[in-house]
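Chemist: Could you have a look at this structure, given as structure tokens, before my questions?
What follows is calculated from the coordinates using simple rules that are stated; it is not laboratory data. The structure presented is a predicted model; accordingly, all values stated were derived computationally and were not measured. Here the Cβ is made from the backbone with ideal geometry for all residues, glycine too, and neighbour counts use every protein chain on show.
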Amino acid sequence: MTESNLIDRLTIRDLVENWAVWRDAGDWDRFKTVWHEDGWMCATWFQGPAPDFIRVSKAGWEKGVSILHFLGGTSIDLDGDRAIAQTKMTISQRAAVHGVMCDVVCTGRFYDFLERRAGTWGLVLRQPIYEKDRLDPIDPSAKLELDAEKLNGFPVGYRHLAYAQEEIGYRVKRDMPGLTGPEVEELYRHGRAWLNGHLAHGAELRQARGIS
């Protein structure tokens, strides 16, 4: 591994970690700096430009919406000024479900499309991969009964997270990538195309992803 390659990897890892710390701490000014100007966020409850994601995240923060992130290991594929980073993560959200305060935890990966522009690495698109989740009342003695039909209507990797998010008023996207399946295989194809330069820019990437 060359010195420049190592520096790029450390810079990307730093960016990924800053995303989680600054977003969860409400450090919005610094949070803006991890994105390129055309950066795009795809999550269960939001899909759109980074500035809009920052705006709605800030609004939710001020209303007491509790969504936190914990990161694990990162794998980075580099090709010149482009990179794909996959980072193990856990999303933790606290919300009232049928009047019972609960914690829902979803484990997966952040799948990040990154590019170096004018010497600076930044996020072009972030697509989480949702692998498995669970929901638990904060009070273990509390009784909670979920609507089984509604729960089973969500993809298996994030069905409890989606259930809780729709309980508090969000509309959840139903075709997010999971551990296996056509959605995640398509994501991997787009990752390879991004690294190989077959997608010329962020807008073409979003068009390929069907989100432009």
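Chemist: Give the relative contact order (percent, whole number) for region 3-198; include only Cα pairs under 8 Å separated by 6+ residues.
Modeler: 19 percent
Chemist: Nearest-5 percent of antiparallel DSSP beta bridges in the chain?
Modeler: 90 percent
Chemist: Still on this structure, I have one more. Trypsin sites (Lys or Arg not before Pro), restricted to region 168-199: which are DSSP loop and have at most 13 other Cβ atoms within 10 Å?
Modeler: On the way: sites: 171, 173, 174, 189, 192; in loops: 171, 173, 174.
Here the trypsin sites (Lys or Arg not before Pro) that fit, given the DSSP loop and packing criteria, are 171, 174.
Chemist: Same structure, new question: Cα centroids of region 1-38 and region 153-181: how far apart, whole angstrom?
Modeler: About 27 Å separates the Cα centre of region 1-38 from the one of region 153-181.
Chemist: Pick from 167, 62, 115: which is most flexible by mean-square fluctuation in a GNM of the chain where alpha carbon atoms under 10 Å apart are linked?
Modeler: Highest fluctuation among the options: 62.
Chemist: Mean Kyte-Doolittle of at least -1.0 plus a Cα span of 15 Å or more along the axis: flag which DSSP H helices in the chain meet both, please. Kindly include the intermediate steps, with their values, before the conclusion.
Modeler: Values: long enough: 3-25 (32 Å, -0.39); 50-63 (20 Å, -0.56); 182-195 (20 Å, -0.95).
Result, helices passing both filters: 3-25, 50-63, 182-195.
Chemist: Among 169, 26, 122, determine the one that fluctuates most according to a GNM of the chain built with springs between C-alpha atoms less than 10 Å apart.
Modeler: 169
Chemist: While we're on this one: Looking only at 57, 141, 66, which one moves most when the chain is put into a Gaussian network model with springs between Cα atoms under 10 Å?
Modeler: Largest GNM mean-square fluctuation: 141.
Chemist: Across region 3-198, how many lysine pairs, 8 or more apart or on two chains, come within less than 19 Å at their alpha-carbon atoms?
Modeler: Value for region 3-198: 5.
Chemist: Just to check I understand the Karplus step: with θ = phi - 60° and J = 6.51 cos²θ - 1.76 cosθ + 1.60, what whole-Hz values come out for region 131-143, glycine and proline as x?
Modeler: 9, 7, 8, 7, 9, 9, x, 5, 8, x, 8, 6, 9
Chemist: Suppose every K and R has +1 on its Cβ and every D and E has -1 on its Cβ; what is the size of the dipole of region 3-198 about the Cα centre, in Debye to the nearest 20? Walk me through the intermediate numbers first.
Modeler: On the way: 25 positive and 30 negative charges, 19 e Å.
Rounded to the nearest 20 debye, it is 100 debye.
Chemist: Let me ask you something else. Please list, in order along region 30-42, the HN-Hα scalar couplings obtained from phi with the Karplus expression 6.51 cos²θ - 1.76 cosθ + 1.60 (θ = phi - 60°), rounded to whole Hz, x for Gly and Pro.
Modeler: 6, 4, 4, 6, 7, 9, 6, 4, 9, x, 9, 10, 10
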